[in-house]
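Visitor: Okay, here's the structure, questions in a sec.
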Amino acid sequence: MRVTKEKLKDLIVSKLHRAGLTVDHAEGVADVLVHADARGVHSHGAMRVEYYAERIAKGGINNNPEFTFEKTGPCSAVFDGDNGAGHVAAKLAMDEAIKMAKENGIAVVGVRRIGHSGALSYFVQQAVNEDLIGISVCQSDPMVVPFGGAEPYYGTNPIAFAAPGQDGEHITFDMATTVQAWGKILHARSKNEPIPDTWAVDSNGEQTTDPFKVNALLPIAGPKGYGLMMMVDVLSGILLGLPFGNKVSSMYHDLTEHRNLGQLHIVINPAFFTGLGTFKESIAQTMQDLNNIKPAPGYKQVSYPGQRSAERERAYERDGIEIVDHIYEYLTSDVVHNNAYDNKSPFAK
Ligand code: NAI
């Protein structure tokens, strides 16, 4: 099913509002989800609406949060989300970080006590739209083994980075620090297919090809990915005085509970370094250089990070966004949620 961005946003807003969010906050969440679907990151788009609707309806997302913003220094601040929708709090916190970086060259803004905030590319692109560099990292629920471990400690702790080029083009890099998302394991289970042995481990910590034996995911590049997810947890959890490591709340454990997650935005103003014009020119040059690299056998062209998503976004703008039929049916139905997510261990069979 193909729908326009506007129609998809309306459907999501209506569902989240019926679940209990204010229209204003429902619009804030919908913007991030539509952004993800439009870039082809469907794992963080409309697919998540029913889960959010259930959590909102059960009180696990605060419908009426009192956001507070405290500047703790010329370049640092803490935004408290009062466990409201993470998408809304993270967006407002980035607005503040942008103002501070415009004035002082750099801003580091912690976002504490929030719910899940979705695809981080949304927030770093807020910075890019203002000719600034954006970096954002956040905590996620524990489902990854530390290198050499047999039980999960960290989440899929994502890292996003974006820098402005010329003519509205930009580099946007946004990834989980695991080899694969949990959704890919579920997909293999649904098709009863083996998975590559580099994705996940069983309950003994041994790499497995059986999707039904998966007990935890593996970090990207062994100890290096493990180090990156540790860094994310320190910056977005420990630094903000929040639960960290395997004490981070679970996405599905109890949907009545607030999640108390953390996120950190860093915004850098190129005008305070090499100068904005030179910076954007060099980013545009590096994008072009990458496209001109001789492709390896089997590849048509080297893409710069975010290029394929930007192309998808342009195509979707023209032809509408592809939404899986059963998700469209849910969005257009009268059902708020089907009680499908509460107390479901992500590793349940
Ligand atoms: P992915 O694996 O689809 O892409 C990772 C990065 O690699 C992207 O920047 C993409 O542009 C780049 N890339 C992919 N193929 C490429 C190619 N052929 N050439 C050049 N660059 C290429 O992303 P992943 O790891 O599945 O993450 C998906 C989303 O999930 C992200 O938006 C992330 O922020 C979000 N996420 C959010 C979490 C949360 O708790 N809020 C937790 C984990 C992930």
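The values are calculated or read from the model by the stated rules, or taken from the named source; none is laboratory data. Keep in mind the model is a prediction, meaning the values are calculated, not measured. Glycine gets a Cβ as well: all are built from the backbone with ideal geometry, and neighbour counts include every protein chain shown.
Visitor: Quick check on this structure: which one of Ala101, Ala93 is part of a helix (DSSP H, G or I) and within 18 Å of Leu235 (Cα to Cα)?
Guide: Values: Ala101 fails: within 18 Å of Leu235 (Cα to Cα).
When all the criteria are applied, what remains is Ala93.
Visitor: Can I ask one more? Can Gly165 be described as touching a Cys at 6+ places or on another chain (Cβ under 9 Å) and either within 14 Å of the ligand (Cβ to nearest atom) or at pLDDT 95 or above (or both)? So that I can check it myself, show each step before the final result.
Guide: Numbers: touching a Cys at 6+ places or on another chain (Cβ under 9 Å): no; either within 14 Å of the ligand (Cβ to nearest atom) or at pLDDT 95 or above (or both): yes.
No.
Visitor: Working only within region 169-194, note down all residues that are at pLDDT 95 or above and more than 15 Å from the ligand (Cβ to nearest atom).
Guide: Step one: filter region 169-194 for residues at pLDDT 95 or above, giving 169-179, 194.
The one that is at pLDDT 95 or above and more than 15 Å from the ligand (Cβ to nearest atom): Pro194.
Visitor: Turning to a different aspect of this structure: Being surrounded by fewer than 15 Cβ atoms within 10 Å (Cβ to Cβ) and part of a strand (DSSP E or B) is the filter here; which residues of region 70-87 pass it? Lay out the reasoning, then the answer.
Guide: The initial filter retains those residues of region 70-87 that are surrounded by fewer than 15 Cβ atoms within 10 Å (Cβ to Cβ), namely 70-74.
Answer for region 70-87, where residues must be surrounded by fewer than 15 Cβ atoms within 10 Å (Cβ to Cβ) and part of a strand (DSSP E or B): Glu70, Lys71.
Visitor: Only one residue in Gly134, Gly118 is surrounded by 24 or more Cβ atoms within 10 Å (Cβ to Cβ), within 15 Å of the ligand (Cβ to nearest atom) and in a loop (DSSP other than H, G, I, E, B), so which one is that?
Guide: Gly118
Visitor: Okay, next question. Within region 182-193, can you find the residues that are among the aliphatic types (A, V, I, L, M) and either in contact with a strand residue (DSSP E or B) (Cβ under 8 Å, 6 or more places away or on another chain) or surrounded by fewer than 16 Cβ atoms within 10 Å (Cβ to Cβ) (or both)?
Guide: Taking region 182-193 and keeping what is among the aliphatic types (A, V, I, L, M), we get 185-186, 188.
Across region 182-193, the qualifying residues are Ile185, Leu186.
Visitor: Identify the residue in region 168-183 that is in a loop (DSSP other than H, G, I, E, B) and touching a residue at least 12 places away in the same chain (Cβ under 8 Å) and, among all such residues, is farthest from the chain's Cα centre (by Cα).
Guide: That would be Glu169.
Visitor: Now a separate question. Name the single residue that is farthest from Tyr154 (Cα to Cα) among those in region 184-224 being assigned to a loop (DSSP other than H, G, I, E, B) and in contact with a Lys or Arg (Cβ under 8 Å, 6 or more places away or on another chain). Walk me through it before giving the result.
Guide: In the first step, residues of region 184-224 are kept if they are assigned to a loop (DSSP other than H, G, I, E, B); the result is 192-199, 202-206, 208-210, 214-215, 218, 220-222.
Applying the additional criterion that residues be in contact with a Lys or Arg (Cβ under 8 Å, 6 or more places away or on another chain) yields 195, 199, 202-203.
Working: Ile195: 21, Trp199: 15, Asp202: 16, Ser203: 16 Å.
Checking each candidate, the answer is Ile195.
Visitor: Among the listed residues Ala160, Ala127, which satisfies the condition of being more than 9 Å from the ligand (Cβ to nearest atom) and either without any contact (Cβ under 8 Å) to a residue 40 or more places away in the chain or under 20 Å from Met287 (Cα atoms) (or both)?
Guide: Ala127
Visitor: Shifting gears a bit: From the list Asn215, Asn204, which one is more than 30 Å from Gln288 (Cβ to Cβ) and over 24 Å from the mean Cα position of the chain (by Cα)?
Guide: It is Asn204.
Visitor: Do any helices (runs of 4 or more DSSP H) entirely within region 272-349 hold 2 or more residues that are without any contact (Cβ under 8 Å) to a residue 12 or more places away in the chain and more than 27 Å from the chain's Cα centre (by Cα), and if so, which? Spell out how you get there, then give the answer.
Guide: Details: elements: 276-292, 307-319, 325-332.
By residue number, 276-292.
Visitor: Still on this structure, I have one more. Give the residue, chosen from Gly110, Gly28, Gly81, that is in contact with a Pro (Cβ under 7 Å, 6 or more places away or on another chain), at pLDDT 95 or above, within 16 Å of the ligand (Cβ to nearest atom) and over 26 Å from Lys184 (Cα atoms).
Guide: Of the residues listed, the single one that is in contact with a Pro (Cβ under 7 Å, 6 or more places away or on another chain), at pLDDT 95 or above, within 16 Å of the ligand (Cβ to nearest atom) and over 26 Å from Lys184 (Cα atoms) is Gly81.
Visitor: Follow-up. State whether the residues of region 11-25 include one that is outside any helix (DSSP H, G or I), polar (S, T, N, Q) and surrounded by fewer than 20 Cβ atoms within 10 Å (Cβ to Cβ).
Guide: Yes: region 11-25 contains one or more residues that are outside any helix (DSSP H, G or I), polar (S, T, N, Q) and surrounded by fewer than 20 Cβ atoms within 10 Å (Cβ to Cβ).
Visitor: Just to check your reading of the model, which residue among Lys102, Lys71, Lys91 is more than 12 Å from the ligand (Cβ to nearest atom) and out of contact with any Asp or Glu (no Cβ under 8 Å at 6 or more places or on another chain)? Let's see the steps before the verdict.
Guide: Values: Lys102 fails: out of contact with any Asp or Glu (no Cβ under 8 Å at 6 or more places or on another chain); Lys91 fails: out of contact with any Asp or Glu (no Cβ under 8 Å at 6 or more places or on another chain).
Being more than 12 Å from the ligand (Cβ to nearest atom) and out of contact with any Asp or Glu (no Cβ under 8 Å at 6 or more places or on another chain) holds for just one of Lys102, Lys71, Lys91, which is Lys71.
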